[in-house]
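Can you keep this structure in mind? I'll have questions shortly.
Nothing in this text is a laboratory measurement; each read-out follows from the coordinates by a stated rule. Here the structure is a predicted model, which means the values were calculated and not measured. Cβ sites come from the backbone with ideal geometry, for glycine too, and all protein chains shown count toward neighbours.
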Amino acid sequence: MQRVLIVDDSSSTRAYVRAVLEERADMEVSEACSGFDALRVLPREHFDLLVLDINMPNINGLELISFIRQSEAHRDTPLLVISTEAAERDRARAMALGANAYLAKPFSAEALLQAVAVLRPPASSENG
C-alpha cells in the first residue's frame, strides 16, 4: 500500500484529504499539523506522495517544498500543493520550487483523486 503524508494546519482539511485517500485511493495516510511537524516525520519514514498546504505558521509550505527538494531522501517524492492561494503567481511559485501539482481550495474529492492519480507511482505488481 502506498503511503502519503498530509501537511496542513487545518484539521478539517487533513480529515477530508485523509478520508478521500484512504477510502477511494487505498492509500495509507499520515498527518503533520505544521511544517515543523513534517520536518520531524520526514527523516524517519518513507512516503510515496506528499500533500501540503502553503499557508502554515512558522515554516510555510513554500519553505517546506524547498527543504524537501534539497533532501536526498525526498528529492523525487511527488508533491501536491493544496492551498487557498488560487492566483497563478502562487501556483507558479510553488511549481518553480519543485511542486508537481497544485490544487486551489476548496477542491472536490474528484479533483484530488485526479491529481493523485497523475502523481502516484505505479502500484507494485504484488497482490495485497
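How large is ³J(HN,Hα) for each residue in the stretch 44-52, as worked out from phi by the Karplus curve 6.51 cos²θ - 1.76 cosθ + 1.60 (θ = phi - 60°), to whole Hz, x for Gly and Pro?
9, 9, 9, 10, 8, 7, 10, 10, 9
Something else: Relative contact order, percent, of the stretch 3-119 when contacts are C-alpha pairs under 8 Å separated by at least 6 residues?
Values: 187 pairs, mean separation 27.5, N = 117.
Reported as a whole number, the value is 24 percent.
Still on this model: What percent does the relative contact order of the stretch 24-70 come to when contacts are Cα pairs within less than 8 Å and at least six residues apart?
Details: 21 pairs, mean separation 16.7, N = 47.
Averaging sequence separation for qualifying contacts and normalising by length gives 36 percent for the stretch 24-70.
So who's got an amide H within less than 5 Å of the one on residue 27, skipping anything under 5 residues away but keeping other chains? H placed 1.01 Å off N, in plane.
22
Quick one: length gained pulling residue 110 to residue 44 fully straight, 0.36 nm per residue minus the C-alpha distance? Mind showing how you got there, number by number?
Working: separation 66, 0.36 × 66 = 23.76 nm, distance 3.08 nm.
Going from the current span to full extension adds 20.7 nm.
Another question, if that's okay. Can you check how the C-alpha radius of gyration of the chain compares to 2.2 N^0.38 Å, as a plain ratio?
Taking N as the residue count of the chain, the ratio is 0.97.
So, in nm, how far is label residue 15 from label residue 84 when the simple model puts each one 7 Å beyond its Cα toward the Cβ?
Here the answer is 1.8 nm between the modelled labels.
Pull out the extension gain between residue 96 and residue 33, defined as 0.36 nm times the separation in residues minus the alpha carbon to alpha carbon distance; nm, one decimal.
Values: separation 63, 0.36 × 63 = 22.68 nm, distance 2.41 nm.
Contour length minus Cα-Cα distance gives 20.3 nm.
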